[in-house]
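Working notes, structure below.
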Amino acid sequence: MATAPPSSLPTVPAQRLVGLPPVVSDRTVVLVLGSFPGTASLRAGQYYAHPQNHFWRILQALWPRHPLPGAEHYDQRCAWLLARGLGLWDVYASCERVGSLDTRIRNAQVNDFASLRVRCPRLAAIAHNGGESFRHARSTALLGVPVERLPSTSPANASWSFERKLTAWAELLARHGLV
C-alpha cells in the first residue's frame, strides 16, 4: 500500500486561541507564568485543568493544612491561591496551536506584563512554569523582580518525577516566604 508524500498529507489548520485571564490580586507575591493553557484547560476555562498535571497536587502538598477546594470549585481554588500570595497567568495572550503541546504554538502574542506592577504591588518574583514560558524571562525581568525557572508541572514533563518537581517548587516558594 503506497502512502502519500508528507507534503500532500492533509493537515489540520491551527486555530487562533485566546488564553485565560490572570488570577492575581494586590496580595500576589509570586506570579507563576505558564506558556499557554492546554486544550483541557481552555475547555474548562481553568488553569491546570488536565487531571495529570501536577500543579494543584504540588500546591496541596506544600500547604497541607489548607485543604484545596475540588476542581468543581475553581473560583474557590483561585481564592485559595491568592490567599497564600500566589498568582497565575501565562506568557501568551493568544496563539495558533493544534493540540496542547508547547512545541505546536505558532504566531503567539505575549501578554502585557507591565500592567502587573499596578495590580500586584507586593510582587516579589516571577516563576516560569517550564521552558517555553522561561523563553520570555527577559521580558518578565523588566518588572524588576527576580525571575526563576521551575520544572513544568505538565504531564509532558515525564523526565521529572513528582517528588523532584515538588522539591523545586518548595524551594522557590520558601525563598519568598510562601511555605
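The values are calculated or read from the model by the stated rules, or taken from the named source; none is laboratory data. Here the structure is a predicted model, which means the values were calculated and not measured. Ideal geometry is used to build each Cβ from the backbone, glycine not excepted, and the neighbour counts take in all protein chains shown. Side chains are part of the model used for accessible areas, which takes the heavy atoms of the whole protein and leaves out ligands, DNA and RNA. Shrake-Rupley method; radii C 1.70, N 1.55, O 1.52, S 1.80 Å.
Being outside any loop (DSSP other than H, G, I, E, B), closer than 29 Å to residue 43 by Cβ and small (Gly, Ala, Ser) is the filter here, so list the residues in the stretch 104-136 that pass it.
108, 115, 127, 131, 133
Please specify each residue of the stretch 13-34 satisfying the condition of being surrounded by 15 or more Cβ atoms within 10 Å (Cβ to Cβ) and hydrophobic (A, V, I, L, M, F, W, C).
14, 17, 20, 23, 24, 29, 30, 31, 32, 33 - these are the residues of the stretch 13-34 that are surrounded by 15 or more Cβ atoms within 10 Å (Cβ to Cβ) and hydrophobic (A, V, I, L, M, F, W, C).
Scan the stretch 67-94 for residues that are modelled with pLDDT of 95 or more, farther than 20 Å from residue 26 by Cα, of a type in the set (A, V, I, L, M, F, W, C) and over 15 Å from the mean Cα position of the chain (by Cα) and jot them down.
Answer for the stretch 67-94, where residues must be modelled with pLDDT of 95 or more, farther than 20 Å from residue 26 by Cα, of a type in the set (A, V, I, L, M, F, W, C) and over 15 Å from the mean Cα position of the chain (by Cα): just 68.
Which of the residues that make up the stretch 113-132 are surrounded by fewer than 20 Cβ atoms within 10 Å (Cβ to Cβ) and closer than 17 Å to residue 21 by Cβ?
Within the stretch 113-132, 113, 114, 115, 118, 119 meet the criteria.
Filter the stretch 87-112 for residues that are touching a Leu at 6+ places or on another chain (Cβ under 8 Å) and among the acidic types (Asp, Glu); which is least open to solvent (accessible area, probe 1.4 Å)?
Only one residue tops the list, namely 90.
Is it the case that some residue within the stretch 48-65 is closer than 28 Å to residue 109 by Cα and open to solvent by less than 20 Å² (accessible area, probe 1.4 Å)?
yes
Would you mind telling me which numbered condition in (1) buried (at least 19 other Cβ atoms within 10 Å of the Cβ); (2) out of contact with any Lys or Arg (no Cβ under 7 Å at 6 or more places or on another chain); (3) of a type outside the set (A, V, I, L, M) residue 138 fails?
Result: residue 138 passes all but (1).
Considering only residues that are among the aliphatic types (A, V, I, L, M) and outside any helix (DSSP H, G or I), which ones fall in the stretch 58-103?
Passing the criteria: 68, 86, 88, 91, 93, 98, 101.
In the stretch 67-80, what count of residues is obtained for those that are within 18 Å of residue 179 (Cβ to Cβ) and surrounded by 12 or more Cβ atoms within 10 Å (Cβ to Cβ)?
Of the stretch 67-80, the ones within 18 Å of residue 179 (Cβ to Cβ) are 67-68, 77, 80.
Next cut, surrounded by 12 or more Cβ atoms within 10 Å (Cβ to Cβ) only: 68, 77, 80.
Here the count works out to 3.
Among the residues of the stretch 158-166, is there at least one that is closer than 21 Å to residue 20 by Cβ, open to solvent by less than 80 Å² (accessible area, probe 1.4 Å) and outside any strand (DSSP E or B)?
No, the stretch 158-166 has no match at all.
Within the stretch 141-152, track down each residue that is within 18 Å of residue 85 (Cβ to Cβ), open to solvent by less than 30 Å² (accessible area, probe 1.4 Å) and free of Cβ contacts under 8 Å to residues at least 60 places away in the same chain.
Result: 143, 145.
Any residue in the stretch 12-41 that is more than 14 Å from residue 80 (Cα to Cα) sitting within a Cβ distance under 7 Å of a residue that is open to solvent by 30 Å² or more (accessible area, probe 1.4 Å) and β-branched (Val, Ile, Thr)? List the pairs, counting only those 6 or more apart or interchain.
Going by the 7 Å Cβ cut-off, the qualifying pairs are 12/98; 14/98.
Test each condition in (1) at pLDDT 90 or above; (2) open to solvent by 40 Å² or more (accessible area, probe 1.4 Å) for residue 155 and report the one that comes out false.
Exception for residue 155: condition (1).
List the residue pairs whose Cβ atoms are under 7 Å apart, where the first residue sits in the stretch 61-76 and is within 20 Å of residue 163 (Cα to Cα), the second is of a type in the set (D, E, K, R) and part of a helix (DSSP H, G or I), and the two are 6 or more positions apart or on different chains.
Between residues of the stretch 61-76 that are within 20 Å of residue 163 (Cα to Cα) and residues that are of a type in the set (D, E, K, R) and part of a helix (DSSP H, G or I), the close pairs are 68/77.
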